[in-house]
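Here's the structure we're looking at; comments come further down.
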Amino acid sequence: GQQVNESRRRLVTAADTERSRIERDLHDGAQQRLVAVGLQLRRLSSRRQRGDDVTAADIDTAVAEVEAAMTELRALAHGIYPPLLELRGLPEALAAVARRSQSPVELQVADVGRYDRTVESTVYFCCTEALQNVDKHAPGSRVRISLDNEAGRGLTLRVADDGAGFDSAATRGSRGLVYMADRVGSAGGTLEVESEPGRGTTIEARFPEATQRGQELEANR
């Protein structure tokens, strides 16, 4: 229907914007550093061919530039799909997100196993976005993050804070909440936001049809 098409258009627009940002960051950051290192190494090679000394300091400078470019690339990749999420799964990735938060966070994260990358990245995005909203709009609030895969409910993420809250009915159309709901919906889930002034905020993302990767393999045999 029209609502689904609008959701898809928003996701496509957001994806195009993000792709442009990545291209810009690559061009202005790591790419420029690597181009500079290439020029620097060619100059060092020319000096050596002429019989000039190439010092350890010259080499150290080039190595430092390569390491800086690698750091920028790792940071960029972290924003696209966090390496820790890929390697260790949701519990450790969400714990890392919690450690970066400015607010005190209590974790109740079960060992839920591994899920489709789209589902895992969406859960990670929602948790990150929710904590950033707390740090921005209710700094210092206590936060509880829970993740479980209870029978009959599928995979469920819940982020609750005891901050100032807001009128959820009045802000339901805000860009951040709409994009979060669109992204959850595209991964087969539903998003619920509960908040009232003075009573904190709870964001719950449910993925009732999500199955663990091992279960998917069994089903396809």
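The values are calculated or read from the model by the stated rules, or taken from the named source; none is laboratory data. Being a predicted model, the structure only gives us computed values, none of them experimental. The protein model used for the area step is the full one, side chains on, heavy atoms only, and it has no ligands, DNA or RNA in it. Shrake-Rupley method; radii C 1.70, N 1.55, O 1.52, S 1.80 Å.
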Please give the solvent-accessible surface of GLU86 in Å², to the nearest 10, using a probe radius of 1.4 Å with every protein chain present. 70 Å²
Using C-alpha positions alone, give me the convex hull volume of the stretch 41-141 per residue in cubic angstrom. 148 Å³
Report in % the part of the accessible area of the stretch 80-128 that belongs to carbon and sulfur, leaving out ligands and nucleic acids; probe 1.4 Å. 52 percent
